[in-house]
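The values are calculated or read from the model by the stated rules, or taken from the named source; none is laboratory data. Small disclaimer: the values here were computed from a predicted structure and weren't measured. So basically every Cβ, Gly included, is an ideal-geometry build from the backbone, and we count neighbours across all protein chains shown.
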Amino acid sequence: MRRILTLLAVLAFSSAAQAQTYPERTESGLNDFANIVNSITEARINTRLAEYASEHDTEVAVVTLSSLQFYANDSSIEEYSNALFNQWALGNDETNKGILLLVFRDDREVRLIVGDGYDDTITAQTDLIVSNDILPQFRDSKYSEGIEYGVDGIFDRVINAPEAPTQSVESTQSETGEGSSNTLYYILGAIGAAIAGIIGLNRRNAAKFAAQACTNCGKTGLQKSREVLREPTLEENGAGETRITCPACGHIDVTPYTISKRTPEKAEAGGTSSGSGSTGKW
């Protein structure tokens, strides 16, 4: 059934493409053609989208445009977003898990769609992203915040969402009896203890760091942050800074660090979408 839907989507896209105009894609994940995202937020969003692609093999494109009438003629935002997704071939043909977040500023409409690698239950999550993460900010004209919250929601609710429990564990327990159940409890207990140990270690390290004295005023409560100054390219390393700030006196100790240059990616076929997703208006 999904193959049939994909074929129909491609055929619809081919005919609609004759009457629609598509923006030229930029190298960044955020394509803010409507100029509604401030530069600081844009940099943060692009960093996150690059991480989604490199660390989670998920290509996410965010596109803002002025008005549907300038790009889609008589098409709806659902039709245009599906056609744009396939025009840009988001994702790859193996996992088919590309994601497109499309905003039409003047029409006050937003559409979030996913590739065909996701099952139909994903629309429950895209509904939440649009209604809970994006629209409340858009209604207050906070477009930068709305898009950033939407990008975070895509990661939390779709890319990094916990997998639903299956029946296999329960059936295995009932079939193998009490001995297997006890073994499972021991394993889960060991995992829980390991996680608790890691959390405790992180907290102790954070407390130890906060207890260090400022080199300028001698007070404690230091805060650490990292900032990317130059993104790496295929030819050159990137650069960043680790900053240790004292809230008491404002003194900042800066330590530079190097970000390894990017490795060339293999050319691969793009993904497709049959249009599963969610729409919202504000």
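Please go through segment 29-41 and pick out each residue that is without any contact (Cβ under 8 Å) to a residue 40 or more places away in the chain and buried (at least 17 other Cβ atoms within 10 Å of the Cβ).
Gly29, Asn31, Asp32
Out of the residues in segment 213-226 that are touching a Ser or Thr at 6+ places or on another chain (Cβ under 8 Å) and loosely packed, with under 12 Cβ neighbours inside 10 Å, state the one that is modelled with the lowest pLDDT.
So the residue we want is Arg226.
Just to be sure before I move on: is Ala12 at pLDDT below 85 and under 19 Å from Gly115 (Cα atoms) in the structure I sent?
yes
Quick one: count up the residues across segment 72-82 that are surrounded by fewer than 21 Cβ atoms within 10 Å (Cβ to Cβ) and at pLDDT below 90.
3
List the strands (runs of 3 or more DSSP E) that sit entirely inside segment 51-129 and contain at least 3 residues that are within 11 Å of Gly275 (Cα to Cα).
In segment 51-129, 109-114 are the strands (runs of 3 or more DSSP E) which contain 3 or more residues that are within 11 Å of Gly275 (Cα to Cα).
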